[in-house]
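Bear in mind that the values in this text are calculations on the coordinates, not laboratory data. Treat the numbers as computed from the prediction; the structure is a model and nothing was measured. Please note: Cβ atoms are built from the backbone with ideal geometry, for glycine as well, and neighbour counts cover all protein chains shown.
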Amino acid sequence: MDVFVQANKLSLIHTTSVSTELILEKLFFLKKMVGNTPLTLIDNVNGNPISAKLEYYNPLSHSVKDRPAIYMFEGAIKKGIPNLEETIFIEASSGNFGIAYGLVGRFLGLKTMIVIPSVVGEETFNRVQKSGAIVEKTPDGYCPRRNERDGAIVKVKDLWLKDPKKEFLNQYNNADNIRAHFEGTGPEIWKQTNGKVKMVVMGAGTGGSIVGIARYLKKMNPKIKCVAVQPQMNHHIQGLRNYQESLEPEIIQKNRDLIDDWVEVSDKEAFLATEYLWRRGFYVGSSSGLNYFAAKKIARKHKNLNLVTLFPDTGLNSFKLLQRNILKRLSLRK
Ligand SMILES: Cc1ncc(COP(=O)(O)O)c(C=O)c1O
């Protein structure tokens, strides 16, 4: 069934029941629906094939974030949450995770609240709200500065500490975020490349994707290299962070040994690469362009590398931003 039809059907199944057994059954069902996204050959540079995992095929948020949203709820429910009915699950997100978390929460009959940076705009705000989550804004940019009083995470922590009914699973320091990729994305890449993958290249927000994937692939073959891509400072790439200007999440801090190298990509390079992908029919967000640019840059310097990257989301999730940075430039060029 078409993934978009699936997502619409799912959003119609709405329940207020909060029995733990039923929630676990629903999570089992969700885990079957999400993941197993296609891996597609997108380029061959210098004899090195570059393939991308099309995470926008995930049916809820049309992004990679469906995976951790499901696993984080599963981990929390299995550990046991007293008074589930009253609990509000609260998180910070710049969009994709908020949409996934809100939709999964609604399907499970649980309440969610998302704090998002105001810079993401009305459209994303509305989509998160439509997912069923309560939404709060903070004055952050795409990459909240190291200023402790400023971040969406600080606001979430404040709200959480003040209200015992709020539950903060913290995607930036949650082992289930890593597990989603260790049990899902990593094994899928291994299988889809018949174990031939030599390097994975991708940007990081929470770091859950790169750490979970790296941990699994290195377990299968310790020679596989993992490269993290950083956007420039003061960037406009939704979902990613530059760790020189923004606090490094605990997931990355605790697992730096899994990352073999770091490369930086500018906004200009990322948006140009996104524009190129659009022309080829991949209507992805700008982090896909950033990942693709980085993978090409690395491929030019190597031989016999089978490279895999992620296309983390659809361009529709940040359409206004892409309209400003791609469509406007395209129309100016005519
Ligand atoms: C569009 C996009 N790309 C990449 C990422 C990075 O994923 P992770 O948080 O697993 O590092 C995110 C995370 O929100 C995202 O929304």
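Counted by Cβ distance under 12 Å from residue 90, the other residues give a net charge of +1, where Lys and Arg count +1 and Asp and Glu count -1. Compared with the direct C-alpha span, the chain from residue 85 to residue 254 gains 57.5 nm at full extension, assuming 0.36 nm per residue. How far, in degrees from 0 to 90, does helix 66-79 lean away from the longest principal axis of the Cα atoms of the chain, to the nearest 10? Once rounded, one gets 40 degrees. Taking the Cα centre of the stretch 67-171 as origin and assigning +1 to Lys and Arg Cβ atoms and -1 to Asp and Glu Cβ atoms, the resulting dipole is close to 140 debye. Positive end of the dipole of the chain (Cβ unit charges, origin at the Cα centre): among 119, 160, 235, the Cα lying farthest that way belongs to 235.
Residue 320: which lysines have alpha carbons under 17 Å from its alpha carbon, excluding same-chain residues fewer than 8 sequence positions away? Cα-Cα hits under 17 Å: 268, 328. Over all other residues within a Cβ to Cβ distance under 12 Å of residue 132, the charged ones net out to +4, with Lys and Arg as +1 and Asp and Glu as -1. Assuming charge only on the beta carbon of Lys and Arg (+1) and of Asp and Glu (-1), the dipole of the stretch 94-241 about its Cα centre is about 560 debye to the nearest 20. Charge tally for residue 25 (other residues, Cβ to Cβ under 15 Å; Lys, Arg +1; Asp, Glu -1): +2. Taking every DSSP helix (H) stretch of at least 4 residues in the chain, weighting each as -39,500 (n - 2.57) and dividing the sum by the residue count yields a mean residue ellipticity at 222 nm of -12500 deg cm²/dmol.
Along the charge dipole of the chain, which of 54, 173, 99 sits closest to the positive end, that is, farthest toward it, with unit charges on the beta carbon of Lys, Arg, Asp and Glu (+1, +1, -1, -1)? Farthest along the dipole direction, towards plus: 54.
Each Lys and Arg contributes +1 and each Asp and Glu -1, all at the Cβ; summed about the Cα centre of the chain, the dipole is approximately 1040 debye. The long axis of helix 267-279 is offset from the longest Cα principal axis of the chain by roughly 90 degrees. Convex hull volume per residue, computed on the Cα atoms of the stretch 67-171, equals 91 Å³.
Give the order of 128, 156 when sorted by the count of other beta carbons within 10 angstrom, beginning with the fewest. Show your work: numbers first, answer last.
Details: 128 28, 156 22.
By the 10 Å Cβ count, ascending, the order reads 156, 128.
When 190, 262 are arranged by Cβ crowding within 10 Å, least crowded first, meaning fewest neighbours, the order is 262, 190.
Have a look at 108, 29, 273 and report the one farthest towards the positive end of the charge dipole of the chain, computed about the Cα centre with Cβ charges (Lys/Arg +1, Asp/Glu -1). Among 108, 29, 273, the one farthest towards the positive end of the dipole of the chain is 273.
Altogether, the Stokes-Einstein calculation at 37 °C and 0.692 mPa s, with the Kirkwood radius of the chain over Cα pairs as Rh, returns a diffusion coefficient of 165 µm²/s. Take the Cα of residue 279, go 7 Å toward its beta carbon, and the backbone nitrogen atoms of the stretch 40-74 under 20 Å from that spot belong to 41-46, 50-52.
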